[in-house]
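Following: one structure in structure tokens, then a few remarks.
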Amino acid sequence: MSHLPISFYQQDACILAKNLLGKVIRRKYGSHWLSARIIETEAYYLEEKGSHASLGFTQKRKALFMPPGTIYMYYARGHDSFNISCQGKGNAVLIKSAFPFEDRLTHPDAIKDMQALNPLPSGATRPVTKLCSGQTLLCRALHLKVKDWDQQQFNAQCFYLDDVNQRPVKIVQTTRLGIPQGRDENLPYRFIDYDFLAYCSSNPLNKRKQIPQFKVSLY
């Protein structure tokens, strides 16, 4: 296992988005670690209309213009969302979905903690398979907050990304979600670990016939 160095983030956004698949988010909660494997990402560039950076520099978007590896968090529909700056000012990768991960670093109660942090709207226990299946759900399950981490660097003591030598056997590349019409909604900058399609935010292989603009590639 290896804490990803800052140099790792000095990559083109699409390349980084693919290379982050299989990496593990480590988050210290109380006295022990919560962990989740990244299974879905989206790349964003300064020069395309779908990105926050394309709207110009503001203090709220400052992290997008900071060195690669800077955490950029914002509110998506009122909930926390987690991104990382990369090579080129204004460019970043959104961590779209993850899947709970257990190894020797995680506590036996880690999954229970994540479920307590991220219950269903009814208050019932959320299934493990749906704990991190979306950008705001994963932040809730890992207790990642805009006020704590926006414009910050990773910290090996409480929040970092880990290389556990897991690599996708196959990657799905498709168009991003939630991009308004006319804002480069057809760019294929979304990447999903094929083996985890059932647990991502929305499985594009189930939508090809329903949504013509979806471009799906396997490699």
Would you mind giving the three semi-axes, in whole Å and largest first, of the ellipsoid equivalent to region 2-168 according to its Cα gyration tensor?
-> 25, 18, 14
For Asn165 and Asp109, extending 7 Å from Cα along the Cα-Cβ vector and measuring point to point gives, in nm, a value of 3.2 nm
Rounded to the nearest 20 Debye, what is the dipole magnitude of the chain about its Cα centre when Lys and Arg each give +1 and Asp and Glu each give -1 at the C-beta?
-> 420 debye
So how much slack lies between Lys28 and Asp148, counting 0.36 nm per residue of separation and subtracting their Cα-Cα distance, in nm?
-> 41.9 nm
The answer for the net charge of residues other than Trp33 whose Cβ lies under 14 angstrom from its Cβ, with Lys and Arg +1 and Asp and Glu -1, is +1
What's the extension gain from Asn155 to Arg77 if we count 0.36 nm per residue and subtract their Cα-Cα distance?
-> 25.4 nm
List the equivalent ellipsoid semi-axes of region 74-120 in whole Å, largest first, each obtained as the square root of 5λ for an eigenvalue λ of the Cα gyration tensor.
-> 27, 16, 7
Of the listed pairs Lys18/Lys147; Lys96/Lys147; Lys23/Lys60; Lys18/Lys112; Lys28/Lys170; Lys62/Lys145, which have alpha-carbon separations greater than 25 Å here?
-> Lys18/Lys147; Lys23/Lys60; Lys18/Lys112; Lys28/Lys170
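The numbers here are math on the coordinates, done by the rules we state, and not lab data. Here the structure is a predicted model, which is why all the values come from computation and not from measurement. Backbone-built Cβ (ideal geometry, glycine too); neighbour counts: all protein chains shown.
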